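Here's the structure we're looking at; comments come further down.
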Amino acid sequence: MGSRSMRPASARSAAGGISKSRPYGELARLRGDLLGEDGRRPEAATHPAEFTYTATWRPAPLTPRGDDTPAGPVLILYTPAGRPLADALAARHSVDDVVHVELGTVTRQSAPGRWQLDATAPDAPAALRDTLPRPRTVYFLGGLRDAAEDSPAELDRAEESGVRALFRCAQQLVIPTAATRRTDWKIVTNDAWPVAGGRVVNPYAAALAGMARVLENEHRHWSVPVVDLGLDGRLPGAAGFRPHELAALVIAEPAERGARVAHRDGVRYRQALRPVTLPPADATVIRTGGTYAVIGGAGGIGLEMARFLARDHGARVALFGRSPLDEDRHRRIADADPDGSRLLYVRADASDEAGLRAGLARVHERFGPVHGVFHSALDHTAALVRHLDDSALRAGLAAKSGVSVALAAAFRAEPLDFLLFFSSAQSFLGDPGLAGYAAGSTFQDAYAHALDQRLPFPVRSIDWGYWGTVGAVAGEGHREWLTRQGFRSISPREGWDTVLRTLAGPETQVLALPAEDVLLKRLGLGGGQPAAYARPSARVAMPATARIR
């Protein structure tokens, strides 16, 4: 967890979000599972005013047991970096039918039971579908990477062999043959989370955790736990690591839905949420008359942040968005800044570092150096993984991961007091239909930890719940649907106070989620382990453009 709090400012003196919609009865049915057996609104409960939590990693030793890995065909998906672990896993499945698929740049069979798959070709996995046995166990090792330079190019390479490869292989290889069959996955990453005070050197792999949660929520017979190995930024075959010992750790993990597990120095940890009381809202974390950038600032929540900055702190705010400044955006900005002196709309693709730097030059000309950055951009299509377009997944990831990496690069030299990511409760929930959004959110959370450990200013991530009065889910239809799931709305003032309290506190990652017991139980906050989905007896209508911050 982070340990630095915001330095008092008083001592010193998006790519816009796009929501697309399509009809999907199957998605509505799956999301209706959240309501329990009869689809009724959950009973109201008395909750404290605090609604903030943080992620923690607790020691969780396994009870010794025999190797009860189910028999049946085994599919191992890996990059060259994961080959030593893949071979060690295969050796432990010596009596099973094991198929090796190495993610590279060509698609061909290299030997009996061994394939190479072009991870850069969106449709490549489909070519193998009819040649592979129906898997009972699937290992995905595309998240294993050594420590590398933090750059947009490195992010693209990591996503190509990581979260995008997982999506394509699930969609084209496993779902067509095992969508309704018991299938146990193991997603393996390394050094993606701040466990036991360790460094986060591979945050790019964290996107796999969000994708994994959505996959098992879309397929009730699947378990997709994530196992993060502590390798200190090295690979399983490097000196000091014995692949067969690592394979034993991976195989020993039970097929438990929703589990995120990490191994560090011989200790097994499990991710959990715990309530956290943030410090009181401290207005001095925002400079009076300072300059701020809000990425996705012409959207509902981003523009609310700009209003508070300008009205309460006399700040100047650059609103970055990739869409033209049309009449509607101009009207909303003018309403927030009647005399036009405090808000500046900057058109730029925030996932492009060069475009961001060009926009930053405009901000310098108008307002001077930037003192804080808010990332409030999102872009996703709500669709089940089986129906999700590759281009839509890329766009959803780019608005989260691509923009975050470009921001860190473009604003690194600014005199920043903070960099704040607006992530989502979907990091932990992984609702059906939100694969790209959930994956981008888990990336942002891990990336905030990585940046906070090495940059000279604090970096924070807030996993927002439901904002009910601004943005794309402010309509009555969305409100009814989300309330049925157990969400309670965050008002703009509550949201702004949460921002100030988060910036004043030591926690790098904060989940802000006013919720009823039915939703808290899903997150393991109502006692016991997170609840599994229940099968509903009645369908529940879901707004087609539902979007949860």
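The values are calculated or read from the model by the stated rules, or taken from the named source; none is laboratory data. Only a predicted model underlies this, so the values are computations on that prediction, with no experimental measurement involved. All Cβ positions, glycine included, derive from the backbone under ideal geometry; neighbour counts span all protein chains shown. Remember, those area values only see protein heavy atoms, side chains included, never the ligands or the DNA or RNA. Shrake-Rupley method; radii C 1.70, N 1.55, O 1.52, S 1.80 Å.
Only one of ARG501, ARG460 is open to solvent by 20 Å² or more (accessible area, probe 1.4 Å), within 29 Å of TRP193 (Cα to Cα) and at pLDDT 95 or above. Can you tell me which? Can you show your working first?
Working: ARG460 fails: open to solvent by 20 Å² or more (accessible area, probe 1.4 Å).
Criteria check complete, one pass: ARG501.
The rows are residues; the columns are (1) under 27 Å from ASP232 (Cα atoms); (2) in contact with a Cys (Cβ under 9 Å, 6 or more places away or on another chain); (3) open to solvent by less than 30 Å² (accessible area, probe 1.4 Å); (4) not charged (D, E, K, R).
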residue: GLY72; (1), (2), (3), (4): no, no, yes, yes
residue: GLY82; (1), (2), (3), (4): yes, no, yes, yes
residue: ARG136; (1), (2), (3), (4): no, no, no, no
residue: GLY142; (1), (2), (3), (4): yes, yes, yes, yes
residue: ALA158; (1), (2), (3), (4): yes, no, yes, yes
residue: CYS169; (1), (2), (3), (4): no, no, yes, yes
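Does any residue of the stretch 43-61 turn out to be in a helix (DSSP H, G or I) and modelled with pLDDT of 50 or more?
Quick first cut of the stretch 43-61, residues in a helix (DSSP H, G or I) only: none.
Scanning the stretch 43-61, I find no residue that is in a helix (DSSP H, G or I) and modelled with pLDDT of 50 or more, so the answer is no.
Against the condition over 30 Å from GLU253 (Cβ atoms), part of a helix (DSSP H, G or I) and either modelled with pLDDT under 95 or open to solvent by less than 30 Å² (accessible area, probe 1.4 Å) (or both), how does ASP339 come out, does it pass?
On the way: over 30 Å from GLU253 (Cβ atoms): yes; part of a helix (DSSP H, G or I): no; either modelled with pLDDT under 95 or open to solvent by less than 30 Å² (accessible area, probe 1.4 Å) (or both): yes.
Judged against the criteria, ASP339 is not a match.
Looking at the stretch 144-154, which of the residues that are open to solvent by 10 Å² or more (accessible area, probe 1.4 Å) and touching a Leu at 6+ places or on another chain (Cβ under 9 Å) is nearest to LEU451 (Cα to Cα)?
Going through the stretch 144-154, the residues open to solvent by 10 Å² or more (accessible area, probe 1.4 Å) turn out to be 145-154.
Next cut, touching a Leu at 6+ places or on another chain (Cβ under 9 Å) only: 145-146, 150.
On the way: ARG145: 18, ASP146: 17, ASP150: 10 Å.
My answer is ASP150.
Only one residue in ARG181, ARG213 is basic (Lys, Arg) and under 18 Å from the mean Cα position of the chain (by Cα). Which one?
Working: ARG181 fails: under 18 Å from the mean Cα position of the chain (by Cα).
Answer to the selection: ARG213.
Filter the stretch 153-173 for residues that are in contact with a strand residue (DSSP E or B) (Cβ under 6 Å, 6 or more places away or on another chain) and not small (Gly, Ala, Ser) and give the result. Give the derivation first.
Step one: of the stretch 153-173, the residues in contact with a strand residue (DSSP E or B) (Cβ under 6 Å, 6 or more places away or on another chain) are 161-162, 165-166, 169.
The answer is LEU166, CYS169.
Would you be able to say whether some residue in the stretch 475-483 is more than 16 Å from PRO275 (Cβ to Cβ), at pLDDT below 95 and polar (S, T, N, Q)?
Yes, there is a match, as at least one residue in the stretch 475-483 is more than 16 Å from PRO275 (Cβ to Cβ), at pLDDT below 95 and polar (S, T, N, Q).
Among what's in the stretch 313-336 and is closer than 19 Å to THR291 by Cα and over 27 Å from the mean Cα position of the chain (by Cα), pick the residue that is most open to solvent (accessible area, probe 1.4 Å).
To start, the set of residues in the stretch 313-336 that are closer than 19 Å to THR291 by Cα comprises 313-321, 333-334, 336.
Cutting the leftovers down to over 27 Å from the mean Cα position of the chain (by Cα) gives us 313-316, 333-334, 336.
Values: HIS313: 15, GLY314: 21, ALA315: 0, ARG316: 64, ILE333: 21, ALA334: 43, ALA336: 21 Å².
Out of the qualifying residues, it is ARG316.
May I ask you to list the residues in the stretch 275-307 that are open to solvent by 10 Å² or more (accessible area, probe 1.4 Å), touching a strand residue (DSSP E or B) at 6+ places or on another chain (Cβ under 9 Å), farther than 16 Å from ALA336 by Cα and not in a loop (DSSP other than H, G, I, E, B)?
PRO275
Residues that are open to solvent by 10 Å² or more (accessible area, probe 1.4 Å) and touching a helix residue (DSSP H, G or I) at 6+ places or on another chain (Cβ under 9 Å): which strands (runs of 3 or more DSSP E) entirely in the stretch 344-445 hold 1 or more of them?
Values: elements: 372-375, 379-381, 418-424.
Of the strands (runs of 3 or more DSSP E) lying wholly inside the stretch 344-445, those with at least 1 residues that are open to solvent by 10 Å² or more (accessible area, probe 1.4 Å) and touching a helix residue (DSSP H, G or I) at 6+ places or on another chain (Cβ under 9 Å) span 379-381.
For the stretch 195-220: of the residues being assigned to a helix (DSSP H, G or I) and charged (D, E, K, R), which is nearest to ARG522 (Cα to Cα)? If you could, list the steps in order and put the result at the bottom.
Filtering the stretch 195-220 down to residues assigned to a helix (DSSP H, G or I) leaves 203-218.
Subset that is charged (D, E, K, R): 213, 216, 218.
Details: ARG213: 12, GLU216: 14, GLU218: 15 Å.
That would be ARG213.
Can you tell me which residue is nearest to the chain's Cα centre (by Cα) among those in the stretch 233-249 that are buried (at least 16 other Cβ atoms within 10 Å of the Cβ) and over 15 Å from ASP191 (Cβ atoms)?
It comes out as ALA247.
Looking at the stretch 235-267 only, could you name the residues that are charged (D, E, K, R) and either modelled with pLDDT under 90 or in a helix (DSSP H, G or I) (or both)? Break it down stepwise before answering.
From the stretch 235-267, those charged (D, E, K, R) are 242, 245, 253, 256-257, 260, 264-265; that's our starting set.
If the condition is that a residue be charged (D, E, K, R) and either modelled with pLDDT under 90 or in a helix (DSSP H, G or I) (or both), then GLU245 is the only one that fits.
Can you report the number of residues in the stretch 244-290 which are among the aromatic types (Phe, Trp, Tyr) and at positive phi?
From the stretch 244-290, those among the aromatic types (Phe, Trp, Tyr) are 269; that's our starting set.
Add one more test, that the residue is at positive phi, and what stays is none.
Result for the stretch 244-290: 0.
Return the residues of the stretch 238-264 that are within 11 Å of PRO225 (Cβ to Cβ) and of a type in the set (D, E, K, R); say none if nothing qualifies. Don't jump to the end; show me each part of the working.
Of the residues in the stretch 238-264, the ones within 11 Å of PRO225 (Cβ to Cβ) are 250, 253-261.
Those that are within 11 Å of PRO225 (Cβ to Cβ) and of a type in the set (D, E, K, R): GLU253, GLU256, ARG257, ARG260.
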